[in-house]
1. Among the residues of region 459-474 satisfying the criterion of being within 16 Å of ligand 2 (Cβ to nearest atom) and either hydrophobic (A, V, I, L, M, F, W, C) or in contact with a strand residue (DSSP E or B) (Cβ under 6 Å, 6 or more places away or on another chain) (or both), which is most open to solvent (accessible area, probe 1.4 Å)?
2. Of all residues in region 53-92, which are among the hydroxyl-bearing types (Ser, Thr, Tyr) and either outside any helix (DSSP H, G or I) or open to solvent by less than 30 Å² (accessible area, probe 1.4 Å) (or both)?
3. Tally up the residues in region 428-449 that are open to solvent by 10 Å² or more (accessible area, probe 1.4 Å) and either more than 16 Å from ligand 2 (Cβ to nearest atom) or in a strand (DSSP E or B) (or both), please.
4. Just the residues that are buried (at least 17 other Cβ atoms within 10 Å of the Cβ) and part of a helix (DSSP H, G or I), please, taken from region 33-52.
5. Any residue at all in region 401-416 that is away from ligand 1 (no atom under 16 Å from the Cβ) and crowded, with 19+ Cβ neighbours inside 10 Å?
6. Would you mind telling me which numbered condition in (1) surrounded by 24 or more Cβ atoms within 10 Å (Cβ to Cβ); (2) touching a residue at least 60 places away in the same chain (Cβ under 8 Å); (3) not hydrophobic (A, V, I, L, M, F, W, C) residue 425 fails?
7. Could you tell me which of the residues 456, 501, 477 is under 30 Å from residue 541 (Cα atoms) and within 13 Å of ligand 2 (Cβ to nearest atom)?
8. For region 106-118, give me the residue count where each residue is without any contact (Cβ under 8 Å) to a residue 40 or more places away in the chain and assigned to a loop (DSSP other than H, G, I, E, B).
Amino acid sequence: MRRGGKLLVDQLVLHGTELAFCVPGESYLDVLDGLYEAPLRLITCRHESAAANMAEAYGKLTGRPGICLVTRGPGAAHAAVGVHTAFQDSTPLILLVGQVSSAQEEREAFQEVDYRRMFGPLAKWVAQIERTDRIPELVARAYATACSGRPGPVVLALPEDMLSREVGVPDARPFRAVRPAPAAADVEALRGLLERAERPLAILGGASWTAAASEALREFLEANEIPAGAAFRRQDTLDNDSPCYAGDIGLGINPALAERVGNADLLLAIGPRLGEITTSGYTLLDPPVPKQALVHVHPGAEELGRVYQAVLPILAGPAELAEAIRPLRVEPRWREWRAAARADFEEWQRPGPIPGGLDLGACVLHLRDRVPDAIVTNGAGNFAGWVHRFWRWHDYPSQLAPTSGAMGYGVPAAVAAKAVFPDRHVICFAGDGDFLMSGQELATAMQHKLPILVFVVDNGMYGTIRMHQERRFPGRVVGTGLVNPDFAAYAAAFGAHGENVERTEEFPAALERALAAGRPALVALRLDPEAITPRTTLSALAAGG
Ligand SMILES: Cc1ncc(C[n+]2csc(CCOP(=O)(O)OP(=O)(O)O)c2C)c(N)n1
Ligand SMILES: [Mg+2]
C-alpha cells in the first residue's frame with residue numbers, strides 16, 4: 001500500500017527523473033513527504049517562475065521532462081511563464097500543481113483554480129488526477145505526451161485528498177518517447193531535390209536535438225558543402241566553427257544572410273517550426289507557398305503544412321533525420337555559395353565600434369576564447385543581440401535562451417544548467433531589466449552550491465522598448481527608464497562574488513576573479529545607453545536612422 005504522494009514520486013523516479021524544482025506548498029504536502037527518502041535531488045527556489053524556467057531548461061538540456069512542483073492558485077499563476085516558454089520552445093516539461101480537496105471543489109475554495117481552463121492554450125495537455133489508483137497511468141501519459149512528436153508542457157493537478165489516500169497498485173514501466181524517423185523514400189526524394197539544386201541552404205532548429213545528431217548533420221553538411229543557418233536561439237545545433245555554419249536566422253539577422261535565405265533555391269529546414277522570428281515576420285519565406293523549394297522536417301505532424309506548404313514535408317525528429325542522411329552524398333556544385341555564406345558570417349562576427357567605455361562585443365569575444373565550452377543562457381532584451389551575434393557555440397547542448405522572448409529566463413536556466421552539468425562553465429547574460437525579474441535566484445544558486453557566472457548588462461533602461469519608442473515616437477520616452485541598485489552590492493548581499501565593470505580593459509581581470517571565486521558570481525557591465533544595438537545608436541534611431 002502506498003499513499004498518493006509517495007506513489008507519484010515513485011513514478012517520477014522510475015521514469016528517469018533525478019532532479020526536480022519546486023516552491024513548496026501545503027497543498028501538496030504528501031508529494032513533499034514522498035520526496036523525503038526519494039533518490040531525487042530537489043532544488044527549492046524563491047519564485048515559481050524560476051522553478052518553472054529551471055524545469056524548462058532541464059527539459060532543453062536532457063530531452064526529458066523537467067519536473068516543477070508548485071502550489072495551487074498563486075503558485076500555478078507564477079509558474080505559467082515557464083509553461084508558456086515550454087510551449088513556444090517545444091520543451092518537455094511537467095508542472096505538478098496542488099489542488100483543493102475534492103470535497104471543496106467548485107466552491108471557489110482557498111486558491112481554487114480550474115487548471116484545465118487556465119492552462120488550456122498554454123499546455124500540450126492538462127489533466128486533474130481524480131483517483132489515486134490512476135496515478136501510474138496518468139503520470140506515464142504525461143511523460144509520453146511531453147516528449148513525443150513535438151515536445152511540450154503538461155500540467156497535472158493533484159487534489160489534496162487524492163494525494164493522501166492509500167492504494168495498492170503496481171508501478172507503470174519507464175516511458176518510451178515516440179520518435180518518428182524518415183522513410184527511405186523521403187531520403188531519396190531529398191537526394192533528388194539536392195541533385196537539381198544550385199543554391200541549397202539548411203535551417204537548423206526546433207527541439208529534440210542530441211550531440212550525436214549535431215555531429216551526424218555536420219558530417220552531411222560538410223561533405224556536401226551545404227551552408228546552414230541556425231533558427232532563432234538554436235545556435236548550438238551546429239558547431240559554429242564548421243565551414244558550413246552561416247549564422248543565426250533570428251532577431252537582428254545578418255542582412256547578407258537574410259538575402260541568402262531569399263535567394264536559396266532549396267531550403268532544408270531541419271526541426272524548426274519556421275515561426276515568426278525565424279522567418280523575419282513571415283517575409284524570408286512567403287506563406288503558404290514559398291518561392292524557394294522547401295523541405296520541411298519536423299517531428300510533429302500538425303506542424304507540417306501549418307503555415308508553409310513544403311515540396312517535401314518529412315515527419316521526423318532532427319536526430320532521426322540526421323542519422324538517415326549522414327551518408328547521403330551529392331556533387332556540390334555550390335562551393336562558392338557555401339564559401340560566401342561563411343565569409344559573410346565571419347565578417348558579421350567582427351564587432352564595430354560602439355559608444356561608451358565598455359565594448360560589449362569585445363567582452364563577448366574575450367569570454368568565448370577564455371571559456372569556449374560554456375553553456376550560455378539569456379533572457380530577453382537588446383543585450384542578447386551581442387551574445388547571439390558574437391558568441392560561438394560548439395557542442396550541443398550549450399545554449400539556453402527562450403524563443404518565447406521571456407525576460408527573467410537566464411538566471412534560472414543557468415542554475416538548472418549548473419545542476420545538470422556541474423563540470424561545465426555556465427554563463428548567464430542578463431539585461432538590467434531582465435535580471436531583476438529573477439535575480440533573487442542567486443539565493444538558490446548559493447543554497448545549492450551552484451557557481452554560475454552572471455553578466456548583467458546595465459544600460460539603465462528597458463532598452464528594447466526604448467528602441468521601439470525612438471523608432472515610432474522619437475523623443476517621447478515614457479515607462480522605459482530604470483533606476484538600478486548597485487549590482488555588485490546586491491550580489492554580495494547573497495554571499496555571491498560581485499563586481500561592477502565600466503571599461504573594456506577592466507573586463508579580463510574581473511572575469512578571472514569571478515571564475516576563481518568558487519561560488520556564484522555577478523559582474524555588472526555598464527553599457528552606454530547610446531549603444532542600443534551592435535549596429536546603431538539611440539540618437540541615430542531618433543533621427544530616423
Ligand atoms: C516577461 C516579459 N516582460 C516584458 C517583455 C517585453 N520586453 C522585451 S525586451 C524588454 C526590455 C528588456 O530590458 P533589459 O533587460 O534591460 O535589456 P535591454 O533591452 O536594455 O538590453 C521588455 C520590457 C518581455 N519580453 N518579457
Ligand atoms: Mg537594459
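The values are calculated or read from the model by the stated rules, or taken from the named source; none is laboratory data. Note that this is a predicted model, so its numbers are computed, not measured. Heads up, the Cβs are rebuilt from the backbone with ideal geometry, glycines too, and the neighbour counts pull from every protein chain shown. Keep in mind that these areas ignore ligands, DNA and RNA; they rest on the heavy atoms of the full protein, side chains included. Shrake-Rupley method; radii C 1.70, N 1.55, O 1.52, S 1.80 Å.
1. 465
2. Residues satisfying the conditions are 58, 71, 85, 90, 91.
3. 6
4. Selection gives 34, 35, 48, 49, 50, 51, 52.
5. Yes, there is a match, as at least one residue in region 401-416 is away from ligand 1 (no atom under 16 Å from the Cβ) and crowded, with 19+ Cβ neighbours inside 10 Å.
6. Failed condition: (1).
7. Checking each option against the conditions leaves just 456.
8. Total satisfying the criteria: 6.
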